[in-house]
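Remarks on the structure that follows.
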Amino acid sequence: MNPEITEQEVSNKPATPQRTFADLNVSDDILQAVTEMGFEHPSPIQAEAIPPILDGRDVIGQAQTGTGKTAAFGIPAIEMIDVAERHPQVLVLCPTRELALQVSDEVKKLSKFKRGIRVEAIYGGDSIDRQIKSLKTGVHIVIGTPGRVMDHMERRTLKLDNVKMMILDEADEMLDMGFREDIEGILEEMPEERQTILFSATMSKPIMAITQRFQKDPVLVKVVKNELTNTNIEQVYFEVKPKAKVEVMCRLIDTYNLKLLLVFCNQKKRVDEIVEDLQVRGYQAEGLHGDLRQAQRNNVMSKFRSGVTNILVATDVAARGIDVDNVDAVINYDIPLDEEYYVHRIGRTGRAGKSGKAFSLVGRDEKYRFREIQNYTKVRVEKGVIPTFEDIVGLRKARFIDQVKQSIETSNDLNLYDDMLTALQHAGFTTEQIVAALVKRGMGIEKNEFSDQNLGHDDDRRERREGSGRFGDRDRGGRESSGRFGDRGRGEGSGRFSDRGTRGEARFGDRDRGGRFGNRDESRGEGRRFEREDRDRAPREREANMTRLYVSVGRRDFIRPGDIVGAIAGEANIPGSSIGHIDIFDKHTYVDVPRDVANRVVDVMEGNTIKGKRVQIEIAR
């Protein structure tokens, strides 16, 4: 199919007050549900996408998380269900189990007053026997991850013969995670006469290939880029020494008295390290990443939603689908390696018209990346001043005094403790010493290695010149990313790549990522340094069962690990997580791929382009 796409571009501003859900010709049952959920007016993506979907058109929705896209496809899906037919009529594919559960919960809320509609979420990590039993009882709307949907199809426990509407939610995420082959396999098994709805944050080459093959004359509805950032969110960045990031984060928590907080980083290992550091300092923190079992993930999210845990540290992929109200702030512990991840992250706070804060801890090697994020979002982020140790002590003292005053004014049983002061005085301590010791225990703050330091970049550069300190990758509290990042792959596994071959996560596809290294004059200077390093550096040893390929583009072509992974995974239909070490040199790149697919990769990539440059690829000698 080669659709002629009809485009409707809308701004991500609130819809005009005159337009209501009733204007969209939805049923009274839906109107009752959205009213109960607190929605008064449709969001822009809802207002523009719902009418053509209700008319039976195929639709491409280009929108970010937080724009209301679940209701944009959920409402029309519910409207077309025939309750009398007890078999799947709508199938929704989501990249992660968290998002599948979130979509399922919202669809159930929207269908609350549509009697008889049954919704089921199917995903890995949950009992497949329980899912089979539920599907056998008759389910109208199935929401699942591609892998688990394929499992049920192979078992014949999920039959798609009567599906009338197919929805791909966050299609770009699914492709980046290596689900392209599964998605195409599922679409090929569906009835020819169906409605296909696709939502994606980007319109990359692989996304367009799917729309051309599986959609008929779709309508494209998109939210314009320059309106993506929520104006209710106060954005501030801090230039921070790498090893001091945990310290600065704790100072921000104390300064702003943050009650519910999301912390994002780029590696699964980093999540565990930050959680341990925060817990040692007395904070209630939990981590969320792809290595956790489903029961563990459910437990972590339950504690965070209930407020038992007030700090959740997560990777981007693991956090997909998290929808928690009243998040005070988001902290970017690591600067994301994709601009759109930044938008996804900060969109977790400042929801429903409430205010929120987004703090970014920018290390030396992250400055250019953060500058590009500002260019992308068209928002100038203000530079903040790191609170000093004295600032934190002052705040803690003031709060402690308020707590003591409140206890004195409201408690009727303070006489129970009169004898304790007398006992301590008899032990030889003065009243001042006793009070000071109790205050110290109550405030829970002590001097540490950072107390008397300047934690910004300027002091860091002076220390490097004097040879008094190096705050590189070895320091446990806040390792600089330098291109290393986690949680990528089919489902939520891990991949291995960076411009030095370390392990990582990406979401780049075929999109042009040029300009990552600053202006051209700086790039030339950097290029000469890299050439010297390249002569001294050889590719790492190849892992077992892997074949090394030579690719004729490198750092001079502004190639990044995500460009290599996106091109190979997309064109050769292999999971991005299966790709091994990537060594990017000045003029060429070495990449390790599984031995059994090496020849296929060479064949499909020969003559292809990466970032607009035609490449030669062959098995390295």
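Here are some notes:
- Listing Lys114, Lys354 from fewest to most neighbouring C-beta atoms within 10 Å gives Lys354, Lys114.
- Which listed pairs, of Lys241/Lys383; Lys112/Lys259; Lys205/Lys354; Lys269/Lys303, have C-alpha distances above 26 Å, in listed order: Lys112/Lys259; Lys205/Lys354
- Residues Val300, Val324, Val385 in ascending order of nearby Cβ atoms (within 10 Å, fewest first): Val385, Val324, Val300.
- Summing Cβ point charges (Lys, Arg +1; Asp, Glu -1) relative to the Cα centre of region 233-386 gives a dipole of roughly 120 debye.
- Debye, to nearest 20: dipole size of region 6-225, +1 on Lys, Arg Cβ, -1 on Asp, Glu Cβ: 420 debye
- Counting DSSP beta bridges with both ends in region 233-386, the antiparallel % (nearest 5): 0 percent
- The value given for region 6-225 is a Kirkwood hydrodynamic radius of 17.4 Å, derived from the mean inverse Cα-Cα separation.
- Reported to the nearest whole Å, the Cα centre-to-centre distance from region 551-596 to region 303-375 is 28.
- Proxy reagent accessibility, fewest Cβ within 10 Å first, across Met166, Met37, Met150: Met37, Met150, Met166
- Taking amide H atoms as placed 1.01 Å from N in the peptide plane, the amide H of Gly287 lies under 5 Å from those of Val313, each 5 or more residues away in sequence or on another chain.
- Computed from backbone phi with θ = phi - 60° and the Karplus coefficients 6.51, -1.76 and 1.60, the 3J(HN,Hα) list for region 194-205 is 8, 9, 10, 10, 10, 10, 8, 7, 10, 10, 6, 4 Hz; x is used for glycine and proline.
- Positive-end extreme of charge dipole, region 273-355 - chosen from Leu292, Val308, Gln279 (charges on Cβ): Val308
- Dividing the radius of gyration of the alpha carbons in region 171-294 by their Kirkwood radius gives 1.11 for Rg/Rh.
- Overall form of region 390-443 per C-alpha gyration tensor (a/c, 1.5; a/b vs b/c): oblate
- Calculated FRET value between Ala398 and Val83, using beta carbons and R₀ = 60 Å, to 0.05: 0.50
- Ranking Ala436, Ile408, His426 by how far each Cα lies toward the positive end of the dipole of region 390-443 (charges on Cβ) leaves Ala436 at the top.
Read the figures in this text as sums done on the coordinates, not as results from a lab. The structure displayed is predicted, hence computed values, not measured ones. Note: ideal-geometry Cβ built from the backbone for every residue, glycine included; neighbour counts use all protein chains shown.
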